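For reference, the structure is listed below as structure tokens.
The values are calculated or read from the model by the stated rules, or taken from the named source; none is laboratory data. Since we're looking at a predicted model, the values are computed, not measured. Cβ coordinates were reconstructed from backbone atoms using ideal geometry, including for glycine residues, and neighbour counts include every protein chain displayed. Keep in mind that these areas ignore ligands, DNA and RNA; they rest on the heavy atoms of the full protein, side chains included. Shrake-Rupley method; radii C 1.70, N 1.55, O 1.52, S 1.80 Å.
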Amino acid sequence: MGTKTAVILFTACLLLSACTAIKPETAATSNQQDSVASDSSNSAKDQSSVSSPKSSSKQAGSDDHNSADKINAQNDKTSESNETGTATSATTNNKMYHLNKAYNVIPNQQGTEKKVVLLTFDDGPKEAAMINKIIDVLDKHKAKAIFFVNGYRVKEHPELLKLIHDRGQPIGNHSWDHLVLKNKSEPEVKKQIESVQKVVKDITGQAPVFFRPPHGAGGDVGRKVAKENGLLYMTWSVGSLDWTMKKNQPNKTEALLKNVTEQLHPGSNILMHELPWTAEALDSLLTRLEQKGYQFIDPQSIEVPASK
């Protein structure tokens, strides 16, 4: 073999070796991409087949208002807020509870306190002295309550609505005229609910996010209109029966305590009213609940429907 031929063969070998060295890296990159795609596909399959804690919560509480989707969206918002350095309040941004079909307060995740009660007062606002007395007791026990108001009362005494708001208590929608809504037409139900939304927002700057139908009877139309307005529809799961009591009835405080404690359970949604005897009994009631190990839930920690 001549020298020239040997050089050519040697050069060819070098070129072939260089090409061979490049190919494994390219193949490795391709395999890595295939692997990532495969992992993503498997991950998606795993997510669809494995229940998350939110899904478990959904099964435990039969009405979760699409709990899992809302919690994931809320966590995304919380994450974005934390990344920008914005402080996040557990009671305003993290929705730790939802209501089930029995209108009990249900934790969204394991580890969240279960032994809680939700306090509510209907049919106001009535009198400044009574409102202040109720809120003084709530403040003493570091408790919040939803004050479900009627529009016609708000129109008569807007200053009382402002009093509740200024003292830091959440305001709920209890319709304008306190009518049974379940048999009303949709336009009438819309007027009853949306007029309260407007008047409360005009006075306080914030529209309600909770709706309780009068007499616990909103019907399908009431639910629909409430949802369209971003309102969480609820009745109650424990009734104090304070509305059945008379002014001259003896031992009303003990009767109210008995009515509540006999029905009491974790997640109780307690119905009360702006009534003199309820205001009088409230301190004893909240003390009794604390003695039984219950905590008072902040309504702001309950999931509500997304507003349109």
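Structure data summary
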read-out	value
Normalised contact order of the stretch 184-291, rounded percent, pairs of Cα under 8 Å and 6 or more residues apart	22
Cα-only radius of gyration and Dmax that characterise the stretch 222-308, units Å	15.4, 49
Surface per residue (accessible, 1.4 Å probe) for the stretch 145-275, Å²	44
Sulfur and carbon atoms: percent of accessible area, the stretch 97-151 [1.4 Å]	48
Electrostatic dipole magnitude of the stretch 121-264 [Cβ: Lys, Arg +1; Asp, Glu -1; Cα centre; debye, to 20]	80
Stretch gain in nm, segment LEU264-THR112, where the contour uses 0.36 nm per residue and the Cα spacing is subtracted	52.8 nm
Assigned charges on the beta-carbon of Lys, Arg, Asp, Glu; the stretch 186-253 dipole about Cα centre (debye)	220
The stretch 194-241, accessible surface, carbon-and-sulfur percent (1.4 angstrom probe)	52
Accessible surface ranking that places the most exposed of SER175, SER237 first, with a 1.4 angstrom probe	SER237, SER175
Cα centroid separation - the stretch 111-130 against the stretch 155-221, whole Å	16
Residues in the stretch 194-230 reached by a label modelled at LEU163 [backbone nitrogen below 20 Å; 7 Å Cα→Cβ]	199-206
Calculated FRET efficiency for the pair GLU156/ASN251, C-beta based, R₀ 45 Å, to 0.05	0.85
Rounded to the nearest 10 Å², the accessible area of ASP166 at probe 1.4 Å	100
Difference of contour (0.36 nm per residue) and Cα-Cα distance, ASN132 to LEU241	37.1 nm
